[in-house]
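These notes concern the structure reproduced below.
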Amino acid sequence: GDVRGEAALVAGAHGTDLGGRTDAPTLAGVLAGAAAVVTGNTAPAHLAAAVGTPVVSLFAPVVPAERWRPYGVPHVLLGDQDAPCADSRARDCPVPGHPCLNTVTATDVTAAVEKLIAVTQPMGET
């Protein structure tokens with residue numbers, strides 16, 4: 001799909017659409033200012049970890065999580081790590097229906113973000 005169109009859809013009326021508008025240093029600055037980041041197992045997840053920001057990773061198990069998860073920061077991995085695509089190293093989902101991530105709900109993501117924020121920010125601090 002069109003990354004900028006998808007980013008605009010996700011941003012809606014309450015977010016800022018930065019899809020396709022940042023280089024790596026600018027993105028690092030944005031991620032460093034976030035309380036938590038929700039992303040796939042992609043460069044932004046690792047860039048967020050590098051600047052110390054907690055990560056909720058929508059993690060397809062095509063590579064092992066123990067080697068490819070965000071490192072050195074609080075994180076939550078969402079997705080079925082035992083799905084049929086596990087360890088396949090596939091770039092495109094080889095399993096109809098994308099079963100590793102299709103059961104992850106918006107509620108799951110919200111709960112993971114809330115958990116990370118509660119762990120990383122002392123009570124009363126915003």
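For a quick check of your reading of the model, give me the residue pairs whose first member lies in segment 71-84 and is more than 14 Å from A48 (Cα to Cα), whose second is among the aromatic types (F, W, Y) and open to solvent by less than 70 Å² (accessible area, probe 1.4 Å), with beta-carbon atoms closer than 7 Å and at least 6 apart or on different chains.
Qualifying pairs under 7 Å: L77/F59; L78/F59; G79/F59.
I'm trying to understand the selection: among the residues of segment 78-112, which are of a type in the set (A, V, I, L, M, F, W, C) and either open to solvent by 50 Å² or more (accessible area, probe 1.4 Å) or over 22 Å from A35 (Cα atoms) (or both)? Before the answer, list the steps.
From segment 78-112, those of a type in the set (A, V, I, L, M, F, W, C) are 78, 83, 85-86, 90, 93, 95, 100-101, 104, 106, 109, 111-112; that's our starting set.
Within segment 78-112, A83, C85, A86, A90, C93, V95, C100, L101, A106, A111 meet the criteria.
I need the full set of residues from segment 71-105 which are hydrophobic (A, V, I, L, M, F, W, C) and in a loop (DSSP other than H, G, I, E, B), in order please.
The initial filter retains those residues of segment 71-105 that are hydrophobic (A, V, I, L, M, F, W, C), namely 73, 76-78, 83, 85-86, 90, 93, 95, 100-101, 104.
Those that are hydrophobic (A, V, I, L, M, F, W, C) and in a loop (DSSP other than H, G, I, E, B): V73, A83, C85, A86, A90, C93, V95, C100, L101, V104.
State the number of residues belonging to segment 31-68 that are assigned to a helix (DSSP H, G or I), open to solvent by 50 Å² or more (accessible area, probe 1.4 Å) and within 18 Å of Q121 (Cα to Cα).
Matching residues across segment 31-68 total 1.
Consider segment 34-54. How many of its residues are within 11 Å of the chain's Cα centre (by Cα) and in contact (Cβ under 8 Å) with a residue 60 or more places away in the chain?
Residues in segment 34-54 being within 11 Å of the chain's Cα centre (by Cα) and in contact (Cβ under 8 Å) with a residue 60 or more places away in the chain: 3 in total.
All but one of (1) in a helix (DSSP H, G or I); (2) under 12 Å from the mean Cα position of the chain (by Cα) hold for A111; state the number of the condition that does not hold.
Among (1) in a helix (DSSP H, G or I); (2) under 12 Å from the mean Cα position of the chain (by Cα), the lone unmet condition for A111 is (2).
The values are calculated or read from the model by the stated rules, or taken from the named source; none is laboratory data. Worth saying up front: this structure is predicted, and the values here are computed from it rather than measured. As a convention, Cβ positions derive from the backbone with ideal geometry for all residues, glycine included, and neighbour counts pool all protein chains shown. When the accessible area is computed, the model is the full protein with side chains, heavy atoms only, and any ligands, DNA or RNA have been set aside. Shrake-Rupley method; radii C 1.70, N 1.55, O 1.52, S 1.80 Å.
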